[in-house]
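A.B. asks: The structure follows.
The values are calculated or read from the model by the stated rules, or taken from the named source; none is laboratory data. Source: prediction; values computed, not measured. Here the Cβ positions follow ideal geometry from the backbone for every residue, glycine too, while neighbour counts run over all protein chains shown.
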Amino acid sequence: MYDILLDGGRSMNIREDGRQLICANEEEISNQGESGYSMGLLLKKSSSEFNRAQFYGQILHHARDIVYCCNEEGICEYISPSVELALGYTPEELLGTPYMELCHPDDRTLPTGRELIRSEGIIELRLKHKDGKYIWFEFNTTLLREESEQVLVLAIGRDISKWKNEQASLSETMRTALIGSWEWEIANDRVVLFDYVYEMFNLKKGSVATSSELVALMQDTERERFMEAVQQALVQGKLDFELQYKQDDGTIGYYCLKGIVFYDDYKNAIKMNGTVQDITERKNIDRKIQETVERYTSLKKYNHDAVFSLDLEGNIINANVMAEKMTGYTIGEMAGKSFSRFIGEKHVKRILKDAINDSSIEKLIDKLQSKQGGIVEVLTTIAPIMVNHENVGFYIIAKDITEQKRLLIAKEAAESTNKAKSEFLAMMSHEIRTPMNGVIGMTDLLLETTELDNTQREYLDIIRKSGDTLLNIINDILDFAKIESGKTILHQELFDIRKCISETLDVFTPRATEKGLEMEYDVHPGVPEELVGDPDRLKQVFLNLVGNAVKFTFNGRVSISVDVVERQAGYVRLKIKVKDTGIGIPQDKISQLFEPFSQLDHFMTRNYEGTGLGLAITKRLIKLMDGDIRIEPTEGQGATFAFHIALQEPTKEHIPDNGVEGDSSDKAHALALKVLVAEDNEINQIVLRKMLERLGHQITIVSNGIEVIQKIAYEAFDLIFMDVHMPELNGLDTTRVIKETVPPDKWPIIIAVTANALKGDRENCLNAGMDDYISKPIQSSTIAEIIAKYFG
């Protein structure tokens, strides 16, 4: 019988069997304190028993395990001296304190009170060392009951830090490798899943305890396969099974279960231990590889081009369906045969020798010979087949371009025809405008210089109007041809849209007054006073739309409105409406309005002249200004054309330099100018001479560029009206010679005069060094305006 001294002076008597407890008071054991055992082990029987107590005391004193005793509230009533070596505390420091104070915060959920009494078994927890660090211990707990029914808990603990660290290292290694472990006790159908398995499948710990619960987590499609694999493993001794598992977020993971079966002496399966590995990433990679292979196979199989694969000897390894169709041979007939049967031996040798370094080799293969002896025109691509950075063969990809070549020939023929059309239009322009210049020019001169009676003036007005009508038709055709060919370029200059609209309305005011129509416009105050764009082309749009409005309106008004739709990044987008109260447009005719050669009055009797190109040209010009045009629904009579365009806001670079050179200023004050007219047509010579003489200028006439150069070599001229098309030396080359040979301060103002308005003449003239451009037929007002522009 042994006594353990407890807190408060009580003693606990422990029989050798460790079961019956007899407590003594403090007086009964006080005289025994000199025994020298700080843990309070006292002997109260024979000396032999005392020697045994000494022996057990020595064991407790020198053992590394901690012997700990607490009451049902977890208050320490005894702890062995080994605690000082293990945790740094003396027993006296811990007696009377709750064991919870030493526990790690995460381990303080361990039981106390009655739960502690029922927790007999093994407990793992971390205890705080006196230096502050935590150490893992495993305690084996036993309940000790006194005769007074007071229950104590005896716990014997050992340091398992090294084992825990090794376990943590192993666990981290398995987590890194995405591997978890499991165990299945077959006899009692108990499944144990270790920590990372729960994390892997996002399961709550303890949610799986039997094989049935494990199988219930699987997808329906996996259960039957899994059960078959387990039954087979119980016989063969090994499990190797891959399954899909659907996570809570809907994603699908792939896992590999591996296990080993253990048997008893009678060959009965008693246990299976194994691992589960997350192979989702590997499966995804495998799937991508498979997809790549399938895509390559599909690309080759369903390619619209013929694909041949060759080895390094030039023999065909494989081909696709299109290769069969192109050559007339089946894949079986081609396999193993040389590709030279299609292109010749010489080209095959070049491919094998140089194709990997010279991409131009593929141009050698422009024809393939079919089984029937026919020739197929092809466009070929040669690609090396690389395996492990080594060239093992070539792909020959051949596109049948027989049809494309036919279309190319047709396209070239069409372009040639279109070029001929453009040249014809240019010639027609020149040939018609030249005599038109005489007709209109002479008519102007007669009207301005001759005393005419009413009848004569009426006849001349008819001639003039007929000439203007013919000229408008020519201009429409040439404008449309120029736009269609993509040669129309918008010029960027500073202008006032209000002035542009006002000048347009001024043109139609006399006719509107005759018909009793009101003409008005409204520009929103938010529209800038100055914008950057092509005012001439915009005015052409206004002229077409307002001209139609006046033509088809017999009472009421024609109005223009301008509003700002958008303003950003230096651009202003304007919405412009041209509205009239005329006869309107039938709904079924609207879709035809902007088609070439479709006239606005087509649905009526033919009362108006025109080409039917005005609205087609308008639509294309608006498109060049980054806009579009449409017909808006209108209540009552009339039509509303609405379009939007984008114009730049001016910057410093758009502000014109108003400085005038001294030489030009001197000319501005000249009362009469020395003018050289370079024109090979006699009628046009007469027209220009008469117009210029009426303005008070001194005129010299020459017929070609050579004569121009000869004249200016000996005589200075203020202004040259230079015809572009002249014999001997044309106007463009003549201008270049002048710019190269005459000092800049002696350069005359050179104005191009041409009857060809199709091929970007303005740009060609300015590039040649000319100062400005006018087209035939020429009117007196045009001559006056151009002179005023340069000489005041």
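A.B. asks: Looking at this structure, is residue 285 surrounded by fewer than 18 Cβ atoms within 10 Å (Cβ to Cβ), out of contact with any Cys (no Cβ under 7 Å at 6 or more places or on another chain) and part of a strand (DSSP E or B)?
C.D. replies: No.
A.B. asks: Regarding the range 744-755, can at least one residue be identified that is touching a Lys or Arg at 6+ places or on another chain (Cβ under 6 Å) and free of Cβ contacts under 8 Å to residues at least 40 places away in the same chain?
C.D. replies: No, every residue in the range 744-755 fails to be touching a Lys or Arg at 6+ places or on another chain (Cβ under 6 Å) and free of Cβ contacts under 8 Å to residues at least 40 places away in the same chain.
Residue-wise test of (1) closer than 30 Å to residue 749 by Cβ; (2) outside the structural domain of residue 545 (by TED's automatic domain parsing); (3) modelled with pLDDT under 90.
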{"position": "581", "(1), (2), (3)": "no, no, no"}
{"position": "586", "(1), (2), (3)": "no, no, yes"}
{"position": "592", "(1), (2), (3)": "no, no, yes"}
{"position": "596", "(1), (2), (3)": "no, no, yes"}
{"position": "606", "(1), (2), (3)": "no, no, yes"}
{"position": "646", "(1), (2), (3)": "no, no, no"}
{"position": "667", "(1), (2), (3)": "yes, yes, yes"}
{"position": "673", "(1), (2), (3)": "yes, yes, no"}
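A.B. asks: So which residues in the range 165-189 are out of contact with any helix residue (DSSP H, G or I) (no Cβ under 9 Å at 6 or more places or on another chain), without any contact (Cβ under 8 Å) to a residue 40 or more places away in the chain and outside any helix (DSSP H, G or I), if there are any at all?
C.D. replies: 188 - this is the single residue of the range 165-189 that is out of contact with any helix residue (DSSP H, G or I) (no Cβ under 9 Å at 6 or more places or on another chain), without any contact (Cβ under 8 Å) to a residue 40 or more places away in the chain and outside any helix (DSSP H, G or I).
A.B. asks: Still on this structure: For the range 208-230, indicate whether the set of residues that are exposed (fewer than 13 other Cβ atoms within 10 Å of the Cβ), touching a strand residue (DSSP E or B) at 6+ places or on another chain (Cβ under 7 Å) and not basic (Lys, Arg) is non-empty.
C.D. replies: yes
A.B. asks: Please go through the range 542-560 and give me each residue that is modelled with pLDDT under 90 and in contact with a Ser or Thr (Cβ under 8 Å, 6 or more places away or on another chain), ordered by number.
C.D. replies: Scanning the range 542-560 gives 543, 544.
A.B. asks: In the range 351-389, which residues are over 24 Å from residue 402 (Cα atoms) and either surrounded by fewer than 16 Cβ atoms within 10 Å (Cβ to Cβ) or within 37 Å of the chain's Cα centre (by Cα) (or both)?
C.D. replies: Hits for the range 351-389 are 353, 354, 355, 356, 357, 358, 384, 385, 386, 387, 388, 389.
A.B. asks: In the range 628-654, how many are touching a residue at least 40 places away in the same chain (Cβ under 8 Å) and in contact with a strand residue (DSSP E or B) (Cβ under 7 Å, 6 or more places away or on another chain)?
C.D. replies: Number of matching residues: 17.
A.B. asks: Please work out which residue is nearest to residue 186 (Cα to Cα), limiting yourself to the range 200-258 and to residues that are outside any helix (DSSP H, G or I) and of a type in the set (Val, Ile, Thr).
C.D. replies: That would be 210.
A.B. asks: For the range 378-385, does any single residue satisfy the condition of being in contact with a strand residue (DSSP E or B) (Cβ under 9 Å, 6 or more places away or on another chain) and either charged (D, E, K, R) or on the phi > 0 side of the Ramachandran plot (or both)?
C.D. replies: no
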